[in-house]
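**Q** Next up is a structure, given as structure tokens.
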Amino acid sequence: MTLDNDALLAACFEVARSIRAKDNPVDEMLAKAAIELYFDAAIQHEEFLIGQGRDPNIIVRAVRYIAHKHAIPPMEGDVEAFASMLDVLIELACPNTGVDQDQEHFFKDIEEGIQEARRDYA
């Protein structure tokens with residue numbers, strides 16, 4: 001599989017748009033710079049996912065998730081926060097290292113949260 005760069009750019013735009021306050025339109029020049037920074041941070045996961053035999057478009061889906069759930073005005077200009085959130089989501093979707101059994105309770109918490117979120121589908 002190959003990464004859909006256009007979809008990733010669109011997802012990065014969604015992040016930039018979501019970060020801006022509703023009454024504060026996205027400045028095209030600032031948005032372009034932010035989108036490029038988000039894209040550069042996101043693309044770093046492509047090789048890892050492909051190397052794990054996984055769909056690199058997990059990145060697109062994770063960035064869309066950030067755009068709809070975590071991109072808020074205080075994040076504006078904080079690419080490190082975006083990159084950190086994306087790192088966590090990619091790690092959950094495609095674990096990089098083994099974990100100890102003592103993480104099982106947390107994995108159950110995550111599963112419960114996912115089940116709850118699915119019940120709320122609109």
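Values in this text are rule-based calculations from the coordinates and carry no lab data. Since the model is a prediction, treat every value here as computed from it, not as a measurement. Counting neighbours? That spans all protein chains shown, and the Cβs are built from the backbone with ideal geometry, glycine included.
**Q** I'd like the orientation of helix 28-43 relative to the chain: the angle between its Cα long axis and the longest Cα principal axis, in ° from 0 to 90, rounded to 10.
**A** Helix 28-43 sits at roughly 20 degrees to that axis.
**Q** Counting Lys and Arg as +1 and Asp and Glu as -1, each charge on the Cβ, what is the dipole of the chain about the Cα centre in debye, to the nearest 20?
**A** Dipole of the chain, to the nearest 20 debye: 440 debye.
**Q** Note down the nm distance, to one decimal, between modelled labels 7 Å out along Cα→Cβ at VAL88 and at GLN115.
**A** Computed distance between label sites VAL88 and GLN115 equals 2.2 nm.
**Q** Please compute the contact order of the chain in relative form: average sequence separation of alpha-carbon pairs under 8 Å and at least six residues apart, divided by the residue count, as a percent.
**A** Relative contact order comes out at 31 percent.
**Q** Still on this model: Counting each DSSP H run of 4 or more residues in the chain as -39500 (n - 2.57), what helix-only mean residue ellipticity at 222 nm follows after dividing by all residues, to the nearest 500 deg cm²/dmol?
**A** The helix-only estimate for the chain comes to -21000 deg cm²/dmol at 222 nm.
**Q** A further question on this structure: Students often get this wrong, so try it: which of (i) 99; (ii) 126; (iii) 148 is volume of the Cα convex hull per residue in Å³ as calculated from the structure shown?
**A** (ii)
**Q** Helix 5-19 versus the longest principal axis of the chain: what is the Cα-based angle in degrees, 0 to 90, to the nearest 10?
**A** Taking the Cα atoms of the chain, the angle to 5-19 is about 70 degrees.
**Q** On a full-extension model of 0.36 nm per residue, what is the gain between THR97 and GLU80, subtracting their alpha-carbon distance, rounded to one decimal in nm?
**A** This chain segment gains 3.9 nm when fully extended.
**Q** Let me ask another. Any idea what angle helix 58-69 forms with the longest principal axis of the chain, computed on alpha-carbon atoms, 0 to 90 degrees, nearest 10?
**A** 70 degrees
**Q** Of VAL79, VAL63, how do they rank once you tally other Cβ atoms within 10 Å and put the fewest first?
**A** Arranged by neighbour count, lowest to highest, VAL79, VAL63 become VAL79, VAL63.
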